[in-house]
1. Out of GLU131, GLU135, GLU75, which single residue is over 18 Å from GLY39 (Cβ atoms) and acidic (Asp, Glu)?
2. Go through region 36-67 and give me each residue that's among the small types (Gly, Ala, Ser), surrounded by fewer than 18 Cβ atoms within 10 Å (Cβ to Cβ) and not in a strand (DSSP E or B).
3. Report yes if some residue within region 110-120 is over 28 Å from ALA24 (Cβ atoms), at pLDDT 90 or above and not in a helix (DSSP H, G or I); otherwise report no.
4. ALA86 - would you say it is free of Cβ contacts under 8 Å to residues at least 40 places away in the same chain and over 20 Å from ILE112 (Cβ atoms)?
5. Within region 15-35, which residues are surrounded by fewer than 14 Cβ atoms within 10 Å (Cβ to Cβ) and either at pLDDT below 95 or over 18 Å from MET1 (Cα atoms) (or both)?
6. Just to be sure before I move on: is GLU7 of a type in the set (Asp, Glu) and surrounded by fewer than 17 Cβ atoms within 10 Å (Cβ to Cβ) in the structure I sent?
7. Pairs needed: first member in region 23-44, on the phi > 0 side of the Ramachandran plot; second member anywhere, not hydrophobic (A, V, I, L, M, F, W, C); C-beta distance under 7 Å; at least 6 residues apart or different chains.
8. Hey, any hits in region 91-103 for a residue that's at pLDDT below 95, of a type outside the set (S, T, N, Q) and touching a Gly at 6+ places or on another chain (Cβ under 9 Å)?
Amino acid sequence: MVIVQAETIDCNAVLGEFYTHYAAAGAMASFIGTVRQNGVAGEVRSLYLEHYPPLTLSSIKDIENRVCGKWSLEELLIIHRVGTMAVGETIVVIAAAASHRRHCCAAVECAIDFLKTQAFLWKKELLTDGEQWIEPSSLDYQQNEQWQ
């Protein structure tokens, strides 16, 4: 399941519901990404994620399909924020349920690696002394290659 939203993500509610619904799966793993205070170009006041809704949703659903095609999962959940977020706010939640832990852990790691490099989202850090558009790093692309 893929959700792209501007609203704040309630991680406790989302993960609690996910874990309750898939309790019998045998294994679950999750990742929560938040806005960091120390960005690429300085101290961050907030983060802005620009998107084009049809393209963004389609690219993240493609990532979901690719990840689900690699491992045997009961469910993969990806919730991604767009718009402006303060330091410490949740940007993304990924959760996987499967009968084996290796499938869950690998699926979550692969999903975040793909999101960093392949989702149609444009990231700008609003700094204490300006702003900076952020591109995926060479390390992001190297991490992504392991899943190809």
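1. On the way: GLU131 fails: over 18 Å from GLY39 (Cβ atoms); GLU135 fails: over 18 Å from GLY39 (Cβ atoms).
None of the other options fit; the residue is GLU75.
2. Within region 36-67, the first condition is being among the small types (Gly, Ala, Ser), and the residues that meet it are 39, 41-42, 46, 58-59.
From the residues that got through so far, the ones that are surrounded by fewer than 18 Cβ atoms within 10 Å (Cβ to Cβ) too are 41-42, 46, 58.
Those that are among the small types (Gly, Ala, Ser), surrounded by fewer than 18 Cβ atoms within 10 Å (Cβ to Cβ) and not in a strand (DSSP E or B): ALA41, GLY42, SER58.
3. Within region 110-120 (the criterion being over 28 Å from ALA24 (Cβ atoms), at pLDDT 90 or above and not in a helix (DSSP H, G or I)), the answer is yes, since at least one residue qualifies.
4. Values: free of Cβ contacts under 8 Å to residues at least 40 places away in the same chain: no; over 20 Å from ILE112 (Cβ atoms): yes.
The answer is no for ALA86.
5. Correct list: ALA23, ALA24.
6. Values: of a type in the set (Asp, Glu): yes; surrounded by fewer than 17 Cβ atoms within 10 Å (Cβ to Cβ): yes.
Here the answer is yes, as GLU7 does meet what is asked.
7. GLY26/SER99; GLY26/HIS100; GLY42/THR128; GLY42/ASP129
8. yes
The values are calculated or read from the model by the stated rules, or taken from the named source; none is laboratory data. Keep in mind the model is a prediction, meaning the values are calculated, not measured. So basically every Cβ, Gly included, is an ideal-geometry build from the backbone, and we count neighbours across all protein chains shown.
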